[in-house]
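Take a look at the structure below.
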Amino acid sequence: MHYEAERGSPSGFRSAIHSPEFFLAEYGAVQPAAELEASLAAMLLPLTDNADQHAKCRFPARLIWLRQQFPDKRDQLADIHCPEFAEWGDPAGIESVSLVFANGYLGNPASYYGHTFLKFNQRKSAKKSRLLDLTVNYGAILDGHDDPVSYIIKGVTGGYDGGFSPIEFYFHDTTYGENELRDLWEYRLDLPEAATRLIVAHAWEVMKKRYVYYFFRHNCSFRAAELLEIVDGLQVIPRNRPWLIPQALVQEVAASRFDGHPLVAETIFHPSRQSRLYAKYEALDGEARQWVTRIAGKALMPADLTEQELPLAQQQAVLDTLLDYYQFSLDRGKKEGSYKSSPEYTAALAARLQLPPGGSEVVPTRATSPDQGRAPSWLQLGVSHSRVAGTAALLRLRPAYYDILDAGSAQVKNGTLSMGELQLQLADEQLRIRQFDLLAINSMNPAVTGLRGDRGFGWKLKVGAEQESVSCRACLVARAQGDVGIGRQFNSQLFAAVHVGGALQQYGDVYGLGFVRASGTVVFRPSAQLGFQLLHEERMPLRPDRQIHRLNSLEGRLAMGHDADLRLLWESDGRSRLTVGLGLYW
């Protein structure tokens, strides 16, 4: 019933669900005892012509539980045939439950931290595509079209209702994998048949019922985990923090055991269209890449390839890569259902059909699955020194989530997403704020191929407060910053980007009311444990009596095991500062 403690309630409890049809007692939302009595009485009522309206069909999970609690009434509490429930998700036809995680997506505030939902896997004997497996998805119920800022404010403060909706898996595969280019990770759970039946039955009960939605805690991950925790002895909701990030739930599920064995039976990777394209492109040799580039640039036609004396396997690989490229480069901003195959795609498909079937299958791989990544929160203790400001102790707290040097497989590569990050410095017995980022985002398409439609557009946004110059101590200004740019992933180790943009701030001695800027970034990762970021900025102050300021920084990060890192940061704007810190992930 999802009762939660509430002081103002007559019983001390109130259900998280506030849809009236979820309760059989008049005040069942706040009176658990009355709801129990009403549920038992309703289950014992005789059947009518419309079985779907009987309590046994409306609340099949309650029926299972009541049968366990009242063994003397087992015959009266026997199952009945429920046509609507059987058509929706007959538990007898479902062999297992999976938790599915979609990588973070910086194009939508609702998906910054990723997304989770449950998938009900049909028995293999059903001989249906896995794309037709039923899923239950929890999210905010949007009655209008709020702008991103309004969405964030309402999502954080409980301004939306939330609820579960059913949809076949192919919808998520298309939305996330094809349109938003997000990888999916599926964790198939090893649960007894009775537990699976109970979860499916309870999902039917709460379907389309209204909860209060909270972005940071009572979100998609919390509600999906609640459905799993209906099983006695199964506890997967992380309880050591006031917020719940989808990756944290995945890590908790992957580490859990049930009845003496690991809860997760199998981890399945569903690569996005972008991941499949990049894997095929990177598997090509130099000559094959030149063919892809020339055909994509319309210097040659796909039919020209089949007329050359190239090895069959190479022709197949080039055309297969082009087919993925043309699908990848579709205008994903179009309204759903309005896509049309391009003439280039049709020509490549025709050329491919002239070749024999087969060819080498390129399977995208990721270094680690999200459950094996680091924890989402970070605390750093360090010390900094500059000739002008002297030595200071530093504390840096990032509640969530990642920066460009520690982004893992669950996050956007070469991106940054941080909310509420705070940097404090202690010097001369005075504690000051060095920087506070209410929100910091850096979104960049990696542009591995460099082909048209894969040119690495990106943007940055930061809102908060920071010191106006490197060496000052008491020059904190509120500042809003924004940039647009392009980037390129040259190989697995090297990424570079350039941006133009600027900032508006409260009036300061260095920049006045802000500045415009151009910047360049190079990220070099010689190994999975070691990474460097080099940044150069040219800032033109809005204060007319100030000259252009040049800023440079070099940051290195060394991962120390799974839950710690060591960082060294050098910064200069004419005066230099060096910071070294030990970070712990939690």
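Do you know which of the residues in region 165-191 that are in a loop (DSSP other than H, G, I, E, B) and modelled with pLDDT of 95 or more is surrounded by the most Cβ atoms within 10 Å (Cβ to Cβ)? It would help to see each step written out before you state the result.
So in region 165-191, the residues in a loop (DSSP other than H, G, I, E, B) come out as 180-183, 190-191.
This time we only want the ones that are modelled with pLDDT of 95 or more, so: 190-191.
On the way: 190: 16, 191: 20.
This residue is 191.
Condition check ((1) within 24 Å of residue 274 (Cα to Cα); (2) more than 30 Å from the chain's Cα centre (by Cα); (3) in a strand (DSSP E or B); (4) at pLDDT below 95) across all residues:
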site: 72; (1), (2), (3), (4): no, yes, no, yes
site: 88; (1), (2), (3), (4): no, no, no, yes
site: 92; (1), (2), (3), (4): no, yes, no, yes
site: 101; (1), (2), (3), (4): yes, no, yes, no
site: 119; (1), (2), (3), (4): yes, no, yes, no
site: 125; (1), (2), (3), (4): no, yes, no, yes
site: 131; (1), (2), (3), (4): yes, no, no, yes
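Which count do you get for residues in region 27-54 that are within 40 Å of the chain's Cα centre (by Cα), closer than 26 Å to residue 73 by Cβ, of a type outside the set (Ser, Thr, Tyr) and in a loop (DSSP other than H, G, I, E, B)?
Let us first name the residues in region 27-54 that are within 40 Å of the chain's Cα centre (by Cα), namely 27-33, 35-36, 39, 52-54.
Still in the running and closer than 26 Å to residue 73 by Cβ: 27-29, 31-33, 35-36, 39, 52-54.
Subsequent filtering for residues that are of a type outside the set (Ser, Thr, Tyr) retains 28-29, 31-33, 35-36, 52-54.
Okay, now just the ones that are also in a loop (DSSP other than H, G, I, E, B), so 28-29, 31, 54.
Summing the residues that are within 40 Å of the chain's Cα centre (by Cα), closer than 26 Å to residue 73 by Cβ, of a type outside the set (Ser, Thr, Tyr) and in a loop (DSSP other than H, G, I, E, B) in region 27-54 gives 4.
Scanning region 420-452 for residues that are in contact (Cβ under 8 Å) with a residue 40 or more places away in the chain and of a type in the set (A, V, I, L, M), which turns out nearest to residue 330 (Cα to Cα)?
Among residues in region 420-452 that are in contact (Cβ under 8 Å) with a residue 40 or more places away in the chain and of a type in the set (A, V, I, L, M), the one nearest to residue 330 (Cα to Cα) is 451.
Go through (1) polar (S, T, N, Q); (2) more than 30 Å from residue 36 (Cα to Cα); (3) not assigned by TED's automatic domain parsing to the domain that holds residue 220 for residue 68 and report which single condition fails.
Against the list (1) polar (S, T, N, Q); (2) more than 30 Å from residue 36 (Cα to Cα); (3) not assigned by TED's automatic domain parsing to the domain that holds residue 220, residue 68 comes up short only on (2).
If we keep just the residues of region 1-26 that are among the aliphatic types (A, V, I, L, M) and in a strand (DSSP E or B), which is farthest from residue 219 (Cα to Cα)?
To start, the set of residues in region 1-26 that are among the aliphatic types (A, V, I, L, M) comprises 1, 5, 16-17, 24-25.
Applying the additional criterion that residues be in a strand (DSSP E or B) yields 5, 17.
Details: 5: 18, 17: 13 Å.
Step by step, filter region 1-26, then rank; the result is 5.
Checking residue 510 against (1) over 30 Å from residue 291 (Cα atoms); (2) in contact with a Pro (Cβ under 8 Å, 6 or more places away or on another chain); (3) not in a loop (DSSP other than H, G, I, E, B), which single condition isn't satisfied?
(3)
Would you say residue 407 is part of a loop (DSSP other than H, G, I, E, B), without any contact (Cβ under 8 Å) to a residue 24 or more places away in the chain and farther than 13 Å from residue 577 by Cα?
Numbers: part of a loop (DSSP other than H, G, I, E, B): yes; without any contact (Cβ under 8 Å) to a residue 24 or more places away in the chain: yes; farther than 13 Å from residue 577 by Cα: yes.
When the stated conditions are applied, residue 407 passes them.
Quick check on region 200-221. Is at least one of its residues in a helix (DSSP H, G or I) and hydroxyl-bearing (Ser, Thr, Tyr)?
Here is the first cut: in region 200-221, the residues in a helix (DSSP H, G or I) are 200-206, 220-221.
Then drop every residue that is not hydroxyl-bearing (Ser, Thr, Tyr), which leaves 221.
Yes; the residues of region 200-221 include at least one that is in a helix (DSSP H, G or I) and hydroxyl-bearing (Ser, Thr, Tyr).
Pairs please, first residue from region 142-166 and under 19 Å from residue 206 (Cβ atoms), second anywhere and loosely packed, with under 10 Cβ neighbours inside 10 Å and not aliphatic (A, V, I, L, M), Cβ atoms under 9 Å, 6+ apart in sequence or on different chains.
Going by the 9 Å Cβ cut-off, the qualifying pairs are 160/143; 161/143.
From the set of residues in region 133-154 that are assigned to a helix (DSSP H, G or I) and in contact with a helix residue (DSSP H, G or I) (Cβ under 7 Å, 6 or more places away or on another chain), which is farthest from residue 442 (Cα to Cα)? Show your work before the answer.
Initially, region 133-154 is screened for residues assigned to a helix (DSSP H, G or I), giving 148-154.
Pick out the ones that are also in contact with a helix residue (DSSP H, G or I) (Cβ under 7 Å, 6 or more places away or on another chain) and you get 148, 151-152.
Details: 148: 16, 151: 20, 152: 18 Å.
Residue satisfying both the conditions and the ranking: 151.
Limited to region 525-537, what total is found for residues that are surrounded by 15 or more Cβ atoms within 10 Å (Cβ to Cβ) and part of a strand (DSSP E or B)?
Taking region 525-537 first, the residues surrounded by 15 or more Cβ atoms within 10 Å (Cβ to Cβ) are 525, 531-537.
Next cut, part of a strand (DSSP E or B) only: 531-537.
Summing the residues that are surrounded by 15 or more Cβ atoms within 10 Å (Cβ to Cβ) and part of a strand (DSSP E or B) in region 525-537 gives 7.
Taking only region 442-468 into account, find how many residues are at pLDDT below 90 and closer than 27 Å to residue 391 by Cα.
0
Any chance region 81-98 includes a residue that's assigned by TED's automatic domain parsing to the domain that holds residue 216, under 30 Å from residue 376 (Cα atoms) and surrounded by fewer than 21 Cβ atoms within 10 Å (Cβ to Cβ)?
Looking for residues that are assigned by TED's automatic domain parsing to the domain that holds residue 216, under 30 Å from residue 376 (Cα atoms) and surrounded by fewer than 21 Cβ atoms within 10 Å (Cβ to Cβ), one finds at least one in region 81-98, hence yes.
Tell me, which residue of region 205-245 that is modelled with pLDDT of 95 or more and small (Gly, Ala, Ser) is surrounded by the most Cβ atoms within 10 Å (Cβ to Cβ)?
Out of the qualifying residues, it is 224.
Pairs, please: C-beta under 6 Å, at least 6 apart or cross-chain, first residue in contact (Cβ under 8 Å) with a residue 12 or more places away in the chain and in region 346-370, second in a loop (DSSP other than H, G, I, E, B)?
Qualifying pairs under 6 Å: 364/271; 366/409; 368/409; 370/409; 370/410.
Of the conditions (1) assigned to a helix (DSSP H, G or I); (2) at pLDDT below 90, residue 248 fails just one. Which one is it?
(2)
Here are 487, 574, 514: which of them is crowded, with 17+ Cβ neighbours inside 10 Å, in the same structural domain as residue 394 (by TED's automatic domain parsing), under 20 Å from residue 434 (Cα atoms) and in contact (Cβ under 8 Å) with a residue 24 or more places away in the chain? If you could, list the steps in order and put the result at the bottom.
On the way: 487 fails: under 20 Å from residue 434 (Cα atoms); 574 fails: crowded, with 17+ Cβ neighbours inside 10 Å.
Within the list 487, 574, 514, the selection yields 514.
The values are calculated or read from the model by the stated rules, or taken from the named source; none is laboratory data. Treat the numbers as computed from the prediction; the structure is a model and nothing was measured. Neighbour counts are summed over all protein chains in view; Cβ atoms, including those assigned to glycine, are modelled from backbone coordinates with ideal geometry.
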